[in-house]
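One structure is given below, encoded as structure tokens.
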Amino acid sequence: MPSATDAPPTASGPLHGTAEALVSPVIDLSIRQLRAYNAGDLAAFCACFHEQVRVLDEAGTLTCGGLAAFRQRYADLWASFTEVRAEVIARVSLGRTVVELENYQRRSTQSGQLESGQVLIRYTEQDGQFAIVQCFRP
């Protein structure tokens with residue numbers, strides 16, 4: 001007869017509170033890219049994305065293709081803004097895909113204005129890196 005410790009983990013089960021043991025590779029990748037983003041570490045951030053990364057808008061239109069263009073996009077972001085931060089409010093994953101609702105903020109180096117908002121982002125992993133990024137804005 002199975003014991004309580006043999007049961008699948010639930011919110012009240014024996015593994016509750018040990019989330020790190022349950023983190024999937026796609027969520028681990030998401031956490032790493034978010035930490036690098038918040039640190040402004042372009043090399044560590046870009047290391048989380050595939051050489052052929054494709055960034056799409058909500059209609060599926062390509063807005064950035066390839067790691068070189070992606071790297072330049074974020075180099076320009078960090079050159080134009082300070083206090084660049086994002087916080088995951090909600091996250092769900094299935095297989096190679098993770099979808100996150102994020103709050104973001106950034107301060108313009110030109111105007112000093114603090115910008116903030118929300119974005120829903122879908123990341124799809126390929127070969128241990130994110131290959132597709134799709135952004136949905138209000």
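Looking at the stretch 110-120, can you tell me whether even one residue there is within 16 Å of Ala36 (Cα to Cα) and at pLDDT 95 or above?
In the first step, residues of the stretch 110-120 are kept if they are within 16 Å of Ala36 (Cα to Cα); the result is none.
Scanning the stretch 110-120, I find no residue that is within 16 Å of Ala36 (Cα to Cα) and at pLDDT 95 or above, so the answer is no.
Among the helices (runs of 4 or more DSSP H) confined wholly to the stretch 1-71, which include 1 or more residues that are modelled with pLDDT of 95 or more and of a type outside the set (S, T, N, Q)?
Working: elements: 19-22, 25-39, 42-46.
Hits in the stretch 1-71: 25-39, 42-46.
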Of the residues Val88, Val84, which is surrounded by 17 or more Cβ atoms within 10 Å (Cβ to Cβ) and in a strand (DSSP E or B)? Val84
Hits in the stretch 110-128 (condition: exposed (fewer than 12 other Cβ atoms within 10 Å of the Cβ) and either among the polar types (S, T, N, Q) or in a strand (DSSP E or B) (or both)): Gln110, Ser111, Gln113, Ser116, Gly117
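The values are calculated or read from the model by the stated rules, or taken from the named source; none is laboratory data. The model shown is predicted, which means the values in this text are computed figures rather than measured ones. Note: ideal-geometry Cβ built from the backbone for every residue, glycine included; neighbour counts use all protein chains shown.
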